[in-house]
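Input: one structure, supplied below.
The values are calculated or read from the model by the stated rules, or taken from the named source; none is laboratory data. Since the model is a prediction, treat every value here as computed from it, not as a measurement. We place every Cβ from the backbone using ideal geometry, glycine too, and count neighbours over all the protein chains shown.
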Amino acid sequence: MDIHEHQAKELLRQYQIPTPSGYVAFTTDEAIKAAKKLPGPIFVVKAQIHAGGRGKAGGVKVVKNLDEVKNSAETILGKKLITHQTGSEGKVVQRLYIEDGCDINAEYYFSMVIDRVTSRVSIIASTEGGMDIEKVAKETPEKILSFNIDPTIGFQPFHSRLIANELKLKDSSFKQAGKFFNQLYKLFIEKDASLLEINPLVLTSENSLIALDAKMSFDNNALFKHPDIMSLRDETEEDPAEILASKFDLAYIKLDGTIGCLVNGAGLAMATMDIIKLKGASPANFLDVGGSATKEKVTEAFKIILSDSTVEGILVNIFGGIMRCDIIASGVVAAAKTLSLSKPLVVRLAGTNVEEGKKILKDSGLKIIPADDLDDAAMKIVSAVKGD
């Protein structure tokens, strides 16, 4: 789950990590009132969306008076920002963060992410703040420090010194680094974060470190332990289909293809998407119904898939272990009848009660295309969609 910059900064402040003062605003009037609470004379008007690259898209304005705050707020609120992370559809700005200006002496990059290979927290730091870290990694990789934290010892003082030396911090900022980076790690661990990115992390003219920007994401599977984090969820920033899927305990991610996929098990879902690509088409979604799907759950899964207007056909690929094939087959038939499904539907079943499942499909009277294996299923749905 992602949160907004202003929410991330509130968490940073709870862990005694310095950030510029600021207030969230949902209207132009609120933006002006927020600016009046700040010392100024420089203000920053920031669009709040769940995506990076806001500045390049015109979503961040540095202004010098209240009139400019007003004009910037009117310009940004309601605007669709298109960045490298939003895709071509963009995101509409529904809230702003009005922040006090900052006297910047130097900009750095800092982040913590979960290294999926080692299952450890990976720390990345660079003197090249304010830039896309991917670009820095490609063009000047020697300017990036990256290392993992051993969970048996956690974050230690020497880790802070390592980062401070890489960023060439001196005197008071070098001393500040010890607490600063230790508290960031503490926040990351205690809140079950999956990403904490500060870009830029700045050094002020007074030689102090301040988190000028902040981006945070959290492990969805751990949110039940953190109602305070869950309360920060902004559903307007999420795909409506993904929100609906979460309510029925379905793992759904929209993709840009034309073949809808309904599968049980993440590994099988990945394999299904791969073979669709291999056959010359693209999946429209990742959808895992899990191992305990009911007829009602399958029906909701079909509704979600069909809510995507780009879907031209559906491939159901089920391996019945805990999940019984006859249950899935009954759900498929019920969904197809309820939704008056007219698009090509290919179903491949294997495992527990597979013969019973196949009989249910055959006796349904519906135009369901059976498949013997995954290769056969992918070939048939691609062929059906292309009209071959």
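Consider S364 carefully, then state whether it is surrounded by fewer than 16 Cβ atoms within 10 Å (Cβ to Cβ) and either modelled with pLDDT of 90 or more or part of a loop (DSSP other than H, G, I, E, B) (or both).
When the stated conditions are applied, S364 does not pass them.
Step by step: first the residues of region 93-106, then only those that are more than 15 Å from K46 (Cβ to Cβ) and in a strand (DSSP E or B), then the one that is farthest from the chain's Cα centre (by Cα). Which residue is that?
Restricting to residues being more than 15 Å from K46 (Cβ to Cβ) and in a strand (DSSP E or B), the top hit is N105.
With outside any strand (DSSP E or B), in contact with a helix residue (DSSP H, G or I) (Cβ under 7 Å, 6 or more places away or on another chain) and under 23 Å from V202 (Cα atoms) as the only criterion, which of V121, V136 stands out?
V136
Next question. Say whether the condition of being part of a strand (DSSP E or B) and either of a type outside the set (D, E) or buried (at least 19 other Cβ atoms within 10 Å of the Cβ) (or both) is met by at least one residue in region 299-306.
Within region 299-306 (the criterion being part of a strand (DSSP E or B) and either of a type outside the set (D, E) or buried (at least 19 other Cβ atoms within 10 Å of the Cβ) (or both)), the answer is no, since none of the residues qualifies.
Yes or no: S330 in the same structural domain as V263 (by TED's automatic domain parsing), hydroxyl-bearing (S, T, Y), out of contact with any helix residue (DSSP H, G or I) (no Cβ under 9 Å at 6 or more places or on another chain) and modelled with pLDDT under 90?
no
Looking only at strands (runs of 3 or more DSSP E) that fall completely inside region 1-76, which ones have 3 or more residues that are more than 29 Å from K225 (Cβ to Cβ) and either among the polar types (S, T, N, Q) or out of contact with any His (no Cβ under 7 Å at 6 or more places or on another chain) (or both)?
43-47, 60-63
For L212, which of the numbered conditions (1) within 22 Å of V93 (Cβ to Cβ); (2) under 18 Å from the mean Cα position of the chain (by Cα) fails to hold?
(2)
Is it true that some residue in region 39-57 is on the phi > 0 side of the Ramachandran plot, of a type outside the set (S, T, Y), in the same structural domain as A193 (by TED's automatic domain parsing) and in contact (Cβ under 8 Å) with a residue 40 or more places away in the chain?
Within region 39-57 (the criterion being on the phi > 0 side of the Ramachandran plot, of a type outside the set (S, T, Y), in the same structural domain as A193 (by TED's automatic domain parsing) and in contact (Cβ under 8 Å) with a residue 40 or more places away in the chain), the answer is no, since none of the residues qualifies.
Follow-up. Can you name the residue in region 184-211 that is charged (D, E, K, R) and farther than 30 Å from L250 by Cα and, of all such residues, is surrounded by the fewest Cβ atoms within 10 Å (Cβ to Cβ)?
Looking at residues that are charged (D, E, K, R) and farther than 30 Å from L250 by Cα, I get E206.
Something else now. With L262, L268 as the choices, which residue is in the same structural domain as A378 (by TED's automatic domain parsing), in a strand (DSSP E or B), under 14 Å from I328 (Cβ atoms) and of a type in the set (A, V, I, L, M)?
It is L262.
If you don't mind, another one. Can you report the number of residues in region 335-354 which are touching a strand residue (DSSP E or B) at 6+ places or on another chain (Cβ under 7 Å), in a helix (DSSP H, G or I) and farther than 24 Å from K386 by Cα?
Qualifying residue count for the region: 1.
Count, please, the residues in region 14-38 that happen to be free of Cβ contacts under 8 Å to residues at least 60 places away in the same chain and buried (at least 18 other Cβ atoms within 10 Å of the Cβ).
Within region 14-38, residues that are free of Cβ contacts under 8 Å to residues at least 60 places away in the same chain and buried (at least 18 other Cβ atoms within 10 Å of the Cβ) number 1.
Is it the case, given these coordinates, that P370 is surrounded by 20 or more Cβ atoms within 10 Å (Cβ to Cβ) and either assigned by TED's automatic domain parsing to the domain that holds K277 or not aliphatic (A, V, I, L, M) (or both)?
When the stated conditions are applied, P370 does not pass them.
Moving on. Considering only region 315-328, I want to know if a residue exists there that is without any contact (Cβ under 8 Å) to a residue 40 or more places away in the chain and of a type in the set (S, T, N, Q).
no
I'm checking my understanding of the structure. Among residues of region 212-230 that are under 24 Å from R54 (Cβ atoms) and charged (D, E, K, R), which one is surrounded by the most Cβ atoms within 10 Å (Cβ to Cβ)?
Per the criteria, the residue is D213.
Further question on the same structure: Are there any pairs with C-beta distances below 7 angstrom linking a residue in region 374-388 that is assigned by TED's automatic domain parsing to the domain that holds G280 and charged (D, E, K, R) to a residue that is surrounded by fewer than 22 Cβ atoms within 10 Å (Cβ to Cβ) and in a helix (DSSP H, G or I), with the two at least 6 apart or on different chains, and if so which?
D375/I275
Taking the residues in region 270-294 that are in contact (Cβ under 8 Å) with a residue 40 or more places away in the chain and within 22 Å of G321 (Cα to Cα) as candidates, determine which candidate is surrounded by the most Cβ atoms within 10 Å (Cβ to Cβ).
Among those residues, the one meeting the criterion is L287.
For residues that are part of a loop (DSSP other than H, G, I, E, B) and touching a Ser or Thr at 6+ places or on another chain (Cβ under 6 Å), tally how many sit in region 203-252.
Of the residues in that region, 2 qualify.
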